[in-house]
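Colleague: My questions will all concern the structure given below.
Here, each number is a calculation from the coordinates, and none is a lab measurement. Worth saying up front: this structure is predicted, and the values here are computed from it rather than measured. Please note: Cβ atoms are built from the backbone with ideal geometry, for glycine as well, and neighbour counts cover all protein chains shown.
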Amino acid sequence: MSDRSNAKDKEGKLIGAIKEITVTGVDAKITDFAVVGNVPEASSAHYAFYKCKVHADSSLDLEYRVRIHLKPSLSGAETTKTTGKMMHGTTKDIYFSAKPPDLGLKGDASYAIDYVYLDAKDPRTGAWVNLRTYSRLDVFKVEKKITCGARTPHYSNGCELLKHYANDQCEIHLAEHSKASADYGAGKITVAEFDFIAKAYGKDINTICANCCTPAPKGRICEEHDIPSSAKAGTSINIGVCVENTGKIKANYWVDVKISGPDYSTTLTSAKKSIDVGKKDKIYVRWDLPLNLKSGTYTIDAVLYA
Amino acid sequence: MAKQDEKTIGKVHTGFCSYVQDLPSHPNSEKLKDLILAYNGIIDLGFDLTKDYIKGAVEYYKGNVREGDKLTPCALGDS
């Protein structure tokens, strides 16, 4: 029963409480606020820096929106994320990421998430309605960008950082990027260092840091050899091994040629030969067939060195 | 020094094998005849011969390279 007494309006008519209705508030909420990482200045990609967990209302299926307030504000940072329609009683992790521009930082800069807002969309009007506001003080950093010449958190300079991860051709490809990613995950490098490596993905690191890295010689044994198909014991033949410079620098190559057949085996080493980038050439060894060499088929194997 | 590559790049036939290497593709009965003469010491082809070599040469002549390889020290089948 109501304990409110009836009242009179201006015209003296009695106004009475006829029924009480119990209203249950929307009980959606946010938990598990957490900074998940720093972000790099002049970033090449979006990096997650904050997460939280939205718990949907226990009985209504609604769409939610989480807003965060950054202090100071950060260009390139997400501050609003919507959940899409959530079934009642479910939860969803929400991540915020940032891709800050070049801020001209002299050192790492701290940023704070000081307020987090939970809104829900009114299904009748489509308007967003604020349900809760959380006062927080969650701090993350925007890390100063890495440069080729300056010291990084873990390397003497950016060039050394790139060289550490590049392959012997001074390139960063999937394997090298994956290694850096794993090291970032393990805390061996910072997000700014990782982002610097990511900027070199698919490239020669010398395009990022000029004159930083010298590629190793690289070559292969090609197919156009110069080998006589037959030879006579007691004579000499020249065996030409086709070699291709598949690297990025002119280099000296030489070959070991192993000849093996019936009761016989010998290895001949060639002189060094300089081959230009992208060129094929033949490197020769001279085989002096012993007088007592048996009739047979002799297999020729080559090993290329640079 | 860094190893760059390694592979088998070819084969060289010597003596008897050099002599018979084109028999499968160019059967030549004169060559077979000379082999028999050399086996009997009538002519010198510059290499030693056995009965199996002669049998092998006949197989090469007939185009049976694998059979020839079984009877001789040659490897004409995979060259």
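Colleague: Nearest 5 percent is fine: what portion of the DSSP beta bridges confined to the protein assembly as shown is antiparallel? Mind showing how you got there, number by number?
Modeller: Working: 82 of 87 bridges.
Of those bridges, close to 95 percent are antiparallel.
Colleague: Once the convex hull of the alpha carbons of segment A:219-305 is built, what does its volume come to per residue, in cubic angstrom?
Modeller: 75 Å³
Colleague: At what distance in nm do the modelled label points of A:Ala112 and A:Asp204 sit from each other, each positioned 7 Å from its Cα along Cα→Cβ?
Modeller: 4.9 nm
Colleague: Sticking with this one: With springs only between Cα atoms under 10 Å, which of A:Lys29, A:Lys106, A:Lys199 fluctuates most in a Gaussian network model of chain A?
Modeller: In this elastic network of chain A, the residue with the biggest mean-square fluctuation among A:Lys29, A:Lys106, A:Lys199 is A:Lys106.
Colleague: What FRET efficiency do you get for A:Lys51 and A:Glu223 if R0 is 56 Å and r is their Cβ-Cβ distance, rounded to the nearest 0.05?
Modeller: In this case the efficiency is close to 0.50.
Colleague: In which sequence would A:Tyr201, A:Tyr111 go, from the one with the fewest C-beta neighbours within 10 Å to the one with the most?
Modeller: A:Tyr201, A:Tyr111
Colleague: How much FRET efficiency would the formula 1/(1 + (r/R0)^6) give for B:Lys3 and A:Ala233, where r is the Cβ-Cβ distance and R0 is 51 Å, rounded to 0.05?
Modeller: 0.95
Colleague: Something else: Determine, for A:Phe96, A:Phe196, B:Phe47, the number of other Cβ atoms within 10 Å of each Cβ, and report the residues in order from fewest to most.
Modeller: Ranking A:Phe96, A:Phe196, B:Phe47 by Cβ neighbours within 10 Å, fewest first, gives B:Phe47, A:Phe96, A:Phe196.
Colleague: Further question on the same structure: How far apart, in nm, are two points set 7 Å out from the Cα along the Cα-to-Cβ line at A:Asp93 and at B:Lys70?
Modeller: Those two pseudo-labels are separated by 6.7 nm.
Colleague: For helix A:174-185, report the angle its Cα long axis makes with the longest principal axis of the Cα atoms of chain A; keep it between 0 and 90° and round to the nearest 10°.
Modeller: Once rounded, one gets 40 degrees.
Colleague: Let me ask something else about it. Considering the protein assembly as shown, which cysteines have no disulfide-compatible partner, defined as another cysteine with its Cβ under 4.7 Å away?
Modeller: A:Cys52, each lacking another Cys Cβ under 4.7 Å.
Colleague: Still on this model: Calculate log10 I(q)/I(0) of the protein assembly as shown for q = 0.08, 0.15 Å⁻¹, where I(q) comes from the Debye formula with a single equal point scatterer on each Cα and nothing for solvent.
Modeller: Taken in order of the listed q values, log10 I(q)/I(0) reads -0.70, -1.20.
Colleague: Just how far, in whole angstrom, is segment A:177-211 from segment A:23-75 if you go by their alpha carbon centroids?
Modeller: That distance is 29 Å.
Colleague: Let me ask something else about it. Report the full-extension gain for the segment A:Thr125 to A:Asp263: residue separation times 0.36 nm, less the Cα-Cα distance, to one decimal in nm.
Modeller: 40.3 nm
Colleague: Under 8 Å for C-alpha pairs, at least 6 residues apart: give me the relative contact order for chain A, rounded to a whole percent.
Modeller: Reported relative contact order: 12 percent.
Colleague: Would you mind getting me the FRET efficiency between A:Ala34 and A:Ala216? Use the beta-carbon distance for r and R0 = 51 Å, nearest 0.05.
Modeller: For R0 = 51 Å, the calculated efficiency reads 0.70.
Colleague: What residue among A:His88, A:His69, A:His164 has the largest mean-square fluctuation in a Gaussian network model of chain A, using Cα springs under 10 Å?
Modeller: A:His88
Colleague: A further question on this structure: Once fully extended, how much extra length lies between B:Ser25 and B:Leu45, figured as 0.36 nm per residue of separation less the alpha-carbon to alpha-carbon distance?
Modeller: That works out to 5.1 nm of additional length.
Colleague: Then there's this: What average number of partner chain Cβ atoms lie no more than 10 Å from the Cβ of the residues making up B:39-52?
Modeller: That works out to 1 on average.
Colleague: Let me ask something additional. For a test of the definition: using alpha carbon positions, the gyration tensor, and the 1.5 limit on a/c, classify segment A:136-176 as rounded, prolate or oblate.
Modeller: oblate
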